[in-house]
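None of the figures in this text is laboratory data; all of them are computed from the coordinates on show. Keep in mind that this is a model prediction, so the values were computed, not measured. We place every Cβ from the backbone using ideal geometry, glycine too, and count neighbours over all the protein chains shown.
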Amino acid sequence: MARMKSRGSQLFLPLSVLAILIVINLIKGADYFSISIINGALYGNIPNILYGASELVILSIGMTLVTSSAGSQDLSVGVAATITSAVFVWVLVSAGGITWWTILAAFLVSCVAGIVIGSFNGALVATLNVQPIVATLIVFTVGRSIAFLIDGKLSPILSSNLTYQIGNAIPGVPVRTPIILTVIFIVLAAVLLKTTNLKLYSQAVGINQKAARLNGINPVRIKLLAFMIMGVCAAVAGFIAVTKAGRHDSYNLLRNIEMDAILAVAIGGNSLYGGKFSITGSIIGAYTIEVLDLTLLRLDVPTQAINAFKAVFIIILMVIASPAVREFAGNGTNWVRARLGRADQIPTAIGEDASVVPKSDISAKKEV
Amino acid sequence: MESMNTIKRRERVTDSNLLFAIAAAIFVLMYGFGILTHGHDFLQAQTFFDLFNLNAALIILTLAESIVMIGGSIDISIGQVTALVTMSCAVFLQSGEGSIGGAILLALGIGIAFGLLQGFLVAYLKIQPFIITLAGMFLASGLMTTIHEDPINVTMPDFVHLTNFQIVIPWLGTINRNRRFIPLEIMPGTIVVLVLAVVLVILMNWSRFGRNLYAVGGNNESALMLGINVKRTRFYSHVLCGLLAGIAGFVFIMTTGAGNVGNASGFEIKAIAGSIIGGTLLSGGVGNLVGSPFGALTLLTINELIRAAGINSDFQSIANGMLLCIFIVLQNVVLRLRGTESLKLGLPGWLLPASRSR
């Protein structure tokens with residue numbers, strides 16, 4: 001019962017924010033939900049949100065796992081995705097012709113690259129006990145240069161119909177491909193978390209590493225695994241991003257997305273110090289960020305000021321969600337509840353209190 | 001078990017000194033390596049002081065970041081706040097009604113405003129510092145682009161005079177290739193850095209606020225039980241950090257003389273890296289402010305070395321990252337081996353009592 005309640009309140013914040021944003025959009029124009037079909041694929045505000053947020057959603061899933069088990073964040077996700085997509089492009093270009101098979105092979109190689117990066121970070125964090133932000137700072141500083149060296153030149157172009165179909169839409173399929181890939185990834189993640197003990201173990205490690213160890217969980221392994229999964233997430237996100245863009249710009253691809261991914265985890269109501277987590281919250285958080293970005297564009301906020309508006313929004317959101325304000329609000333609702341309780345059911349709800357204070361006194365107060 | 005814990009806690013300060021010693025040794029090593037490979041460049045006093053002259057803002061930011069990190073918090077907004085300060089100072093000075101005193105006040109004001117906002121949210125509302133300072137970073141960059149988007153060169157005569165002002169030390173000069181003697185030139189920014197470093201080291205080591213901050217960063221619950229006002233201490237640390245970011249902004253524009261959107265970009269990460277190399281731990285409570293400038297200088301020396309060797313900039317950042325990796329691993333290995341027998345065997349006997357007594 002108590003668990004259900006806390007879970008509900010965790011999702012309450014991102015959902016209500018999402019609702020507020022959608023209401024703002026509807027006030028701006030009632031055609032917000034309208035969907036049009038161009039070249040057989042769905043376009044419109046909602047599909048655009050789902051399309052635009054796909055990399056962010058995937059990265060925030062991995063980020064949630066890392067945050068939960070390691071108690072800190074991975075700064076290198078965007079850069080890791082840049083490296084893996086550079087590997088993807090490199091394999092694809094050097095393979096000669098672009099077919100479904102070479103794309104699959106290149107994708108798998110890029111996943112391996114992601115796992116390598118993840119295990120590098122994970123090894124530093126898990127075996128050497130380096131703080132994750134510091135450990136991932138290394139890949140963060142190095143990554144874009146490595147990606148550039150893999151590319152060998154400025155932004156190689158993926159001029160193929162197949163990669164265009166992956167990044168945009170396959171003819172005959174109404175939903176654009178990145179959306180489908182995101183859904184597949186979310187389902188896979190959900191299956192992984194439902195069928196294995198990963199969630200329980202990483203929460204245990206995140207809450208108390210020593211206690212987890214005494215219970216037979218190997219914290220090193222769990223953390224390493226979390227970072228490897230993060231690497232795979234980065235590879236998938238990089239794959240989607242590079243096929244969307246059609247070229248690999250090692251300097252600008254997925255720039256600053258690590259900040260958004262961390263933000264998504266926080267908006268989803270997860271603690272950034274590790275422990276219990278909700279993937280659903282993070283996913284909703286990621287979509288919320290995308291909705292926020294698009295809303296600011298739709299409200300004709302000048303592009304220079306978008307960052308400032310976003311910051312104000314984040315600050316307000318975090319203030320509402322902060323422990324101090326929550327406590328204050330909790331006290332407030334308790335106070336209101338107590339008042340209402342007295343009016344409704346005096347003997348049962350606050351029996352002892354009522355026995356001290358004469359009944360007539362309370363009714364007098366109520367009337368005043 | 002209980003007694004072991006107390007002993008460990010007392011050793012924390014010596015951890016700071018140990019990490020500082022590593023940082024200083026590494027800096028000397030790097031610089032010595034520079035002298036060995038590119039003797040004529042690195043032996044010039046001007047090269048050494050140019051590290052300060054051209055990077056004064058970064059060193060100040062490293063000090064700021066170290067203070068926040070010692071308090072167990074983090075501030076990733078400082079780079080963009082610095083950029084915002086340079087931009088607003090540039091606009092203010094170019095507006096025709098600007099004065100240098102006003103610009104300094106503006107710089108300090110912006111810095112303190114950010115410090116107050118973030119400090120309040122972090123300390124009193126207990127919001128995660130990473131997220132709040134991330135929002136602060138967005139806010140600063142948004143405000144900056146709203147104020148002005150294109151680069152501005154400040155042409156106000158007084159300010160140009162200030163920018164070109166250099167303290168010349170005739171007896172420490174160098175002889176250039178044409179056999180002409182060039183006296184050593186020190187920019188005002190260097191003086192600011194040195195003064196700030198001394199003031200902040202004194203503040204952190206011998207003032208009540210500084211000692212409280214170490215206690216709060218080390219373990220805020222025990223600090224609370226010792227009667228330290230945890231919230232206020234953390235709040236002050238963020239305000240101080242904001243103030244330093246403001247100063248860094250003014251020093252930056254004093255060095256470059258222009259406001260630009262790309263100013264100080266990436267400085268927050270460099271400052272964090274510099275603090276870490278200088279021996280400050282992100283978990284808080286461990287760090288030595290003398291080490292932070294050394295950390296920043298180590299990073300800068302590496303850059304200088306690579307530039308002198310003529311390697312392209314991609315390898316430059318790779319080398320940076322590799323060295324960062326080595327330092328981080330080294331620090332962690334040393335901290336881990338400390339207290340176990342293996343380190344004692346590795347060190348010569350005369351080193352041990354010195355590190356023990358402190």
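Here are a few things to note about the model shown:
- Using the alpha carbons alone, the radius of gyration of region A:239-291 stands to its Kirkwood radius in an Rg to Rh ratio of 1.09.
- Residue-averaged 222 nm ellipticity for chain B, from DSSP H runs of 4+ at -39500 (n - 2.57), nearest 500: -24500 deg cm²/dmol
- This ranking places B:Y31, A:Y287 by how few other beta-carbon atoms lie within 10 Å of each, fewest first, which gives B:Y31, A:Y287.
- Scattering profile of region B:93-140 at q = 0.13, 0.17, 0.28 Å⁻¹ [log10 I(q)/I(0), Debye over alpha-carbon scatterers]: -0.41, -0.58, -0.96
- In region B:18-103, Cα pairs under 8 Å separated by at least six residues give a relative contact order of 10 percent.
- Additional length obtainable on full extension of the chain from A:N215 to A:N331, 0.36 nm per residue less Cα span: 38.1 nm
- Computed over the Cα atoms of region B:53-117, pair by distinct pair, the Kirkwood hydrodynamic radius stands at 12.8 angstrom.
- For region B:42-163, a Kirkwood radius taken over Cα pairs fed into Stokes-Einstein (37 °C, viscosity 0.692 mPa s) yields D = 205 µm²/s.
- Of the residues B:V290, B:L200, B:G227, the one whose Cα sits farthest towards the positive end of the charge dipole of region B:194-298 is B:G227 (charges of +1 on Lys and Arg Cβ, -1 on Asp and Glu Cβ, taken about the Cα centre).
- Span per principal axis, largest first, for the Cα atoms of region A:135-212 (Å): 53, 38, 12
- Point-charge dipole on Cβ atoms (K/R +1, D/E -1) for chain B, about Cα centre, debye to 20: 1220 debye
- Crossing angle, helix A:279-298 versus chain A [Cα axis fit, 0-90 degrees, rounded to tens]: 80 degrees
- Taken over chain A, the ratio of Cα radius of gyration to 2.2 N^0.38 Å equals 1.17.
- Helices assigned as whole DSSP H runs in chain B whose Cα atoms extend at least 20 Å along their own long axis and whose mean Kyte-Doolittle hydropathy is -0.5 or higher are found at B:2-37, B:45-70, B:78-94, B:100-119, B:129-147, B:188-206, B:230-256, B:291-309, B:313-337.
- With N counted as the residues of region A:58-146, its alpha-carbon radius of gyration over 2.2 N^0.38 Å works out to 1.18.
- Compared with the dominant principal axis of the Cα atoms in chain A, helix A:2-28 is inclined by about 70°.
- Working note: Debye formula, equal point scatterers on the alpha-carbon atoms of region A:303-344, no solvent; log10 I(q)/I(0) at q = 0.16 Å⁻¹ is -0.57.
- As a proxy for reagent exposure, ranking B:H238, B:H38, B:H161 by other Cβ atoms within 10 Å from fewest up yields B:H161, B:H38, B:H238.
- Note on region B:182-311: Rg/Rh from Cα positions, Kirkwood definition for Rh, rounded to two decimals, is 1.03.
- Dipole magnitude of chain A about its Cα centre (Cβ charges: Lys, Arg +1; Asp, Glu -1), debye to nearest 20: 680 debye
- Across all directions, the shadow cast by the convex hull of chain B built on its C-alpha atoms averages 20.5 square nanometres.
- FRET efficiency, A:K194 to B:I35 (Cβ-Cβ, R0 56 Å, nearest 0.05): 0.35
- Positive-end residue of B:S313, B:L335, B:A248, charge dipole of region B:239-346 with Cβ unit charges: B:L335
- With Cα atoms as the point set, the protein assembly as shown shows a radius of gyration and Dmax of 27.8, 103 Å.
- Prolate/oblate/rounded call for region B:23-69, Cα gyration tensor, a/c under 1.5 rounded: oblate
- The Kirkwood radius of region A:263-306, taken over pairs of alpha-carbon atoms, gives through the Stokes-Einstein law at 25 °C and 0.890 mPa s a diffusion coefficient of 216 µm² s⁻¹.
- Cα-based helix-to-principal-axis angle, A:323-344 vs chain A, degrees rounded to 10: 40 degrees
- Spacing of the two label points (7 Å from each Cα toward its C-beta) at A:L297 and A:I38, in nm: 1.1 nm
- Considering every alpha-carbon pair of region A:1-117, the percent of pairs per 10 Å bin, from zero through the bin containing the longest distance, is 11, 23, 28, 26, 11, 1.
- Cross-link pairs beyond the 32 Å C-alpha cut-off, checked among A:K28/A:K276; A:K276/B:K231; A:K28/A:K199; A:K310/B:K126; A:K153/A:K276; A:K28/B:K270: A:K28/A:K276; A:K28/A:K199; A:K153/A:K276; A:K28/B:K270
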